[in-house]
Each structure stands twice: as structure tokens, then as C-alpha cells.
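J.: Below is the structure I would like to discuss, written out as C-alpha cells.
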Amino acid sequence: MIKKILIIEDEVKIARFLKLELEHEGYLADTVHDGREGLEKAVGESYDLIILDVMLPSLSGMEVLRRVRQSSEIPIIMLTAKDDITDKVMGLDLGAQDYMTKPFAIEELLARIRVIFKLKSPSPSSSESKVLKCGKLTVCPDKFEANYNGTPIALTKKEFELLHYLMLNKNMLLTRDTLLEKVWGYEYAGDTNIVDVYIRYLRSKIDQKFEDKIIYTVRGMGYQIKDE
Ligand code: CA
């Protein structure tokens, strides 16, 4: 059964991005940009999950949540502003299943949706838990570890996430935009300089340190990790 998800988010760009990503994952997704309309759709139609922004015009996300809960136990993930503890606590008290703090990486939201639907990761043993290898470089996502020829590489969280994503898509050209979207999330849209900066960090810790060529630049396009 295909799951149906309602996105109630007034920022049109974010709503459209979420819809595309959810559809890409195989869900059906509808978007509405206002609280009152969202509430009508949430109670009037049948959905499997609601993604609900807190700050909405005409009716706040909290009010939508409160009213939906009067008649339905549908799972709801709230989108809250950065570090707004009050919103998180209130949302959970009112019966939200989970919340995401903006800005968030889309992969994290997708993972949480899978948890709610109790679905496994698309390829649990082959991508998430398996040790990834490229030449002498190994990345172990479960342990959050990267090694070169047995020597541990100290990476920050973002560096690790970028390396992990490159390794998951080994031998594929990844554009700056793709990397930005998958590793950083929509909030950084357009600002691809950050990708170049983090590629430099990775190269200094891997390519240069171990005098090996791991991360390739595809001029004018993006980056890739190649198995030679
Ligand atoms: Ca909003």
C-alpha cells in the first residue's frame, strides 16, 4: 500500500522540495500552505502521516495539531524553528510523534518517516550497515568510523556525512547541488561553496595525508570517489 503524506508548510519552496523528495521515496504527497486549509484536508481526507510546520498563517501548527488530535491518531511530525524548546515540548505534549528542527537534512526526515511506518531502510544490509570500501579507504557507518589502510581518520560529523554519501555513491558523479541537498538539506540551497570547503577538508585529511587520490573533481560539474 502506498502511503499518503500531507505536508502543511507555508514556505512554498520547502513544501515543494519535501513533496518531490517524498514522491521520489515512493510516497504520495499533497501540499497545503495554510493552517486552516491544512486542518480541513487533514480531517477531511485520509492520510497516513502529516508533516506540519509550527509557524503557519490563519491557524498555527499547534492549533492544527490540537484539533486533528480531537478526532485522529494519525502520526504527525512537526517542523519547528531552530532551538525552540517550547514548541517541541508543546508539540509532543499535544500528541505529535516527532519533530524536526529547521534546517534539517532530508535524509534524516526520511529516516524518521520510515521509523514511523516501521519500514526498513531501502537497502539495509547493503548500504546502511555494511562497511564501504574504496581502495585502502574504509567507511563504517554503524560505528561512525573511517580508516585508511587501518589508520583511523578523525572527521567531524559533516565531513563524515559527506564522505559517507560519496562512498555510498562510489564511481558516480555527484553535482555540488546534489551533495548540498543530500548532506546539508534545503536550507543551504544555492550556496554550494560549502561543498567545496568540505571537500577541501576531506582531501587534506585523506588524499593529502595519505598521498593517495580518492576524491576526484569533475570540472564544472561536481565530485566523485573512484575505485581504480
Ligand atoms: Ca512557516
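Yes/no matrix, rows are residues, columns are (1) in contact with a Leu (Cβ under 7 Å, 6 or more places away or on another chain); (2) aliphatic (A, V, I, L, M):
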{"residue": "8", "(1), (2)": "yes, yes"}
{"residue": "11", "(1), (2)": "no, no"}
{"residue": "17", "(1), (2)": "no, no"}
{"residue": "49", "(1), (2)": "no, yes"}
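Each row is one residue, and each column tells you yes or no for (1) in contact with a Gly (Cβ under 9 Å, 6 or more places away or on another chain); (2) in a loop (DSSP other than H, G, I, E, B); (3) within 14 Å of the ligand (Cβ to nearest atom).
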residue: 58; (1), (2), (3): yes, yes, yes
residue: 67; (1), (2), (3): no, no, no
residue: 72; (1), (2), (3): no, yes, no
residue: 79; (1), (2), (3): yes, no, yes
residue: 89; (1), (2), (3): no, no, no
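J.: If I ask for residues that are touching a residue at least 24 places away in the same chain (Cβ under 8 Å) and over 19 Å from the mean Cα position of the chain (by Cα), which ones from segment 152-179 would you list?
T.: The answer is 153, 154, 155, 170, 171, 172, 173.
J.: Can you name the residue in segment 5-29 that is part of a strand (DSSP E or B) and crowded, with 16+ Cβ neighbours inside 10 Å and is also nearest to the ligand (Cβ to nearest atom) among such residues?
T.: Among residues in segment 5-29 that are part of a strand (DSSP E or B) and crowded, with 16+ Cβ neighbours inside 10 Å, the one nearest to the ligand (Cβ to nearest atom) is 8.
J.: Tell me which of these residue 87 doesn't satisfy, since it passes every other one: (1) of a type in the set (D, E, K, R); (2) more than 15 Å from residue 185 (Cβ to Cβ); (3) open to solvent by 40 Å² or more (accessible area, probe 1.4 Å); (4) in contact with a helix residue (DSSP H, G or I) (Cβ under 8 Å, 6 or more places away or on another chain).
T.: Residue 87 satisfies every listed condition except (3).
J.: Conditions first: (1) touching a Phe, Trp or Tyr at 6+ places or on another chain (Cβ under 7 Å); (2) open to solvent by 70 Å² or more (accessible area, probe 1.4 Å). Residue 159 passes all but one, so which condition is the exception?
T.: (2)
J.: Oh, and also: In segment 30-54, what residues are open to solvent by 20 Å² or more (accessible area, probe 1.4 Å) and either away from the ligand (no atom under 16 Å from the Cβ) or touching a residue at least 40 places away in the same chain (Cβ under 8 Å) (or both)?
T.: Applying the first criterion (open to solvent by 20 Å² or more (accessible area, probe 1.4 Å)) to segment 30-54 yields 30-31, 33-34, 36-37, 39-41, 43-48.
Within segment 30-54, 30, 40, 41, 43, 44, 45, 46, 47, 48 qualify.
The values are calculated or read from the model by the stated rules, or taken from the named source; none is laboratory data. Since this is a predicted model, take the numbers as computed values, not measurements. Here the Cβ is made from the backbone with ideal geometry for all residues, glycine too, and neighbour counts use every protein chain on show. We work out accessible area using only protein heavy atoms, side chains counted, and drop any ligands, DNA or RNA first. Shrake-Rupley method; radii C 1.70, N 1.55, O 1.52, S 1.80 Å.
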